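The values are calculated or read from the model by the stated rules, or taken from the named source; none is laboratory data. Since the model is a prediction, treat every value here as computed from it, not as a measurement. Cβ: placed from backbone, ideal geometry, glycine included. Neighbour counts: every protein chain shown. The protein model used for the area step is the full one, side chains on, heavy atoms only, and it has no ligands, DNA or RNA in it. Shrake-Rupley method; radii C 1.70, N 1.55, O 1.52, S 1.80 Å.
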Amino acid sequence: MFEFSYNTTLVAIGSGLLGAAAGTIGTFTVLRKRSLASDAVGHAALPGVAIAFMVGLLLGIEGRSLFVLLVGGIIAAGIGLYLIEAITRHTRLNADAAIGAVLSVSFGLGVVLLTVIQTLPTGGQAGLEDFILGSAASMIRQDVYLIGGVSALVIGLVVLFHRAMVITAFDRSYALTSGVNPDRIDLLIMALSLVVVVAGLKAAGAILVVALMIIPPTSARFWTNNAVTQTVLSALIGASCASSGALVSAIGDALPTGPVMVLLCAAVFLFSMIFAPANGLLANERRRAQLRHRLRQAARND
Amino acid sequence: MTEFFQLTFAPLMIAVLASCICALLGNFLILRRQALIGDAISHTALPGIVGAFLVTGTIAAIPMMIGAAISGLITVGLIELIKRLTKIEPGAAIGAVFTTMFALGVIVLEQTDTSGIHIDVQHALYGNLESLIWFSGQDFRSLIDPAALRDLPVQIPRLLLILVIVSGFIVCFWRPLVISTFDEDYAKSVGVPVSMTGFLLISLTAITAVACFDAVGSILVIAMFVCPPAAARLMTDRIWVQILWSLLFAALGGALGVILAGYGPLWFGFENAVSAAGMIATVSGIVLAAACFLGPRRKSVVGAD
């Protein structure tokens, strides 16, 4: 059947780690209601990637070194995040307008820079378009190591701080009384989500990477009411959808990676929404029917 | 002169028209805190168009608009459904729905053979403004020459029509729109058709997103919905003045964007143009940034500066 080359396997593993990291930190961004801010941050990274490429060219560094591009992406994403906060705090525009503005303008700037790069004699631009919809197939071994390493780091930090994060998400005042600084934890959550989003640009693309941080956590929610269990499940769902998505996209024809990953996540979401025993629709319906039955029994016995 | 009319005039007109239509609707979207719903609808315009193509085999204007309206309504419907069924926060619901629908649209687009009809994912993402050439455009006289005008890119009359429809909607529904935007409960209590107004606003947003698709692609439409009205919001407290400011900023962004994209590189000694759509979004962003620093009504009511 299919022959999984060494490279394809590596890509699957790297993508899996990315999916796990996205599912992990995504649980907290959803809890803190910052999902779409992460979307804007992902788009904001694009001009940073383009500028990093051009700077790299000027300095003679291999312009497509993923590390260089991601550093540029992280700086730009950080600026984008700062701008969203600044607009929301210092003007009378709401968070949604700030997010929409930063998202679209930075994407536009990114596109302009992409077209500038296209005209440069080196023509190495071809790799940069992959950052929009994702291309696991074009990941080389160093990319996998970088992305996998960053993802593992993020997962490690979440494990380390998970208690503080859960407390901050659910009860800020209790957090304050138990020695947790909620503002710093919020900052940590946003910083980690920023790193994951930028790391995910190559595999899933700027437009859809945020889905890896939204759909697995919400799917996991149907299976459990416990925040830690939800995080673990979300990581597993994210890992499996991301790695299978990378595989399918690498093997298939004309299948950008981001969309495939998202559709797999959506399938899991649908299944969870309907069939999960804890909070799924069928389970809820069965519980409601049982309750109705019991109430009727009780009424008859009166 | 000929070069201007052939290559730049049509993109200029289209950019200005598209920006203005988006700004008109965008004012209400941001006042109703539906900017991100507008974002979602702009993304889901793509599967709407793809769906219309699958059903009808063409990308004629009417099926596309219908496809867009349907997909816009599906988007909003699904978002509400998921919010209701899963208790997840609105941002996550929006994100889940639009990414899934957009992903579906991209996959179907990549897998079907659309080479004959000029849609591909590139254009879906950042439009195709630079390629809208007016072959018969020679000079000012072409503007009043019916034969030359027939040759104008079809986007121009289409956008003019949509401008009329959207303006008509705003004029006819002014009272329901304004009241339901600022105080929905009061609106319902005095019998204002809140649902219908909201429904029409969403449908027109979807249709506009698709009409501007050709010009700037689905992602940058968001910039046109959000930035000029947001900048205008910082200029004034009065809604009709805000609308006027937003039209000014929109036209400015559209026109400057096209001109800078087409001629800017030449001024710097480069040969090729850069993305007009991207430049429009960038210019709109700069205008918004200026408004954030200089707008007379920029301060938030609560909180320090």
Calculated FRET value between A:L187 and B:R297, using beta carbons and R₀ = 30 Å, to 0.05 | 0.50
Taking a crude spin-label model, label points 7 Å out from Cα along the C-beta direction, the A:Q142 to A:L160 distance in nm is 2.7
Size of electric dipole in the protein assembly as shown: Cβ of Lys, Arg +1 and of Asp, Glu -1, about Cα centre, debye, nearest 20 = 2360
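At 222 nm, what value in deg cm²/dmol follows for the protein assembly as shown if DSSP H runs of at least 4 each add -39500 (n - 2.57) and the sum is divided by all its residues, to the nearest 500?
Numbers: 25 runs with 464 residues, N = 607.
Roughly -26000 deg cm²/dmol at 222 nm, from the helical runs in the protein assembly as shown.
Order A:M261, B:M279, most accessible first, counting only protein heavy atoms with a 1.4 angstrom probe.
Values: A:M261 0, B:M279 35 Å².
Descending order: B:M279, A:M261.
What FRET efficiency comes out for B:A60 versus B:T112 if R0 is 25 angstrom and r is the Cβ-Cβ distance? Round to the nearest 0.05.
Efficiency computed from Cβ-Cβ geometry: 0.90.
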Rough spin-label spacing in nm, given labels placed 7 Å along Cα→Cβ, for A:M54 and B:F270 = 0.6
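Averaged across A:208-214, how many Cβ atoms of other chains sit within 10 Å of each residue's Cβ atom?
Details: counts 8, 1, 5, 7, 1, 2, 11.
That works out to 5 on average.
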Burial-style ranking of A:27-35, B:178-186, average other-beta-carbon count within 10 Å with highest first, yields A:27-35, B:178-186
Its Cα gyration tensor gives chain A an equivalent ellipsoid whose semi-axes in whole Å, largest first, are 37, 24, 17
Seen from all sides and averaged, what is the projected area of the convex hull of the Cα atoms in region A:85-228, in nm²?
-> 11.5
Whole-percent carbon and sulfur contribution to the accessible surface of region B:1-147 (1.4 Å, no ligands, DNA or RNA) stands at 67
In Å², nearest 100, what accessible area do chains A and B bury in total when the solvent probe is 1.4 Å?
-> 4500
Taking a probe of 1.4 Å, how large is the accessible area per residue of region B:153-305, in Å²?
-> 44
Sort all Cα-Cα distances of region A:174-302 into consecutive 10 angstrom bins from zero, then give the percent of pairs in each bin up to the one containing the longest distance.
-> 12, 29, 26, 18, 9, 5, 1
Determine how large the accessible area of B:T2 is when every protein chain is in place; take a 1.4 Å probe and give Å² rounded to the nearest 10.
-> 60
May I ask you to derive the FRET efficiency for B:K87 and B:A290 from their Cβ-Cβ distance with R0 = 45 Å, giving the value to the nearest 0.05?
-> 0.65
For B:271-278, mean number of other protein chain Cβ atoms within 10 Å | 6
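Figure the gain on full extension for A:Q297 and A:L120 (residue separation times 0.36 nm, minus the Cα-Cα span) and round it to one decimal in nm.
Working: separation 177, 0.36 × 177 = 63.72 nm, distance 7.85 nm.
Stretched out fully, the A:Q297 to A:L120 stretch lengthens by 55.9 nm.
For region A:1-100, report the % of Cα-Cα distances exceeding 16 Å.
69
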Report, to the nearest 10°, how far helix A:227-251 tilts away from the longest principal axis of the Cα atoms in chain A, using its own Cα long axis and a range of 0 to 90°.
-> 40
If one compares the long axis through the Cα atoms of helix A:281-301 with the longest principal axis of the Cα atoms of chain A, the angle in degrees, nearest 10, works out at 10
Could you check the simple spin-label distance between B:D120 and B:D185, using points 7 Å along Cα→Cβ, in nm with one decimal?
-> 5.4
Cross-link table B:K83/B:K188; B:K87/B:K188; A:K33/B:K299; A:K33/A:K202, entries beyond 30 Å C-alpha to C-alpha | none
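Give me the percent of Cα-Cα pairs in the protein assembly as shown that sit more than 38 Å apart, rounded to a whole number.
Values: 56681 of 183921 pairs.
Value for the protein assembly as shown: 31 percent of Cα pairs lie more than 38 Å apart.
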Helix axis angle, A:35-59 relative to chain A longest principal axis, alpha carbon, degrees | 20
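What size of dipole, in debye to the nearest 20, comes out for chain A about its Cα centre when the only charges are +1 on Lys and Arg C-beta atoms and -1 on Asp and Glu C-beta atoms?
On the way: 19 positive and 14 negative charges, 279 e Å.
Approximately 1340 debye in magnitude.
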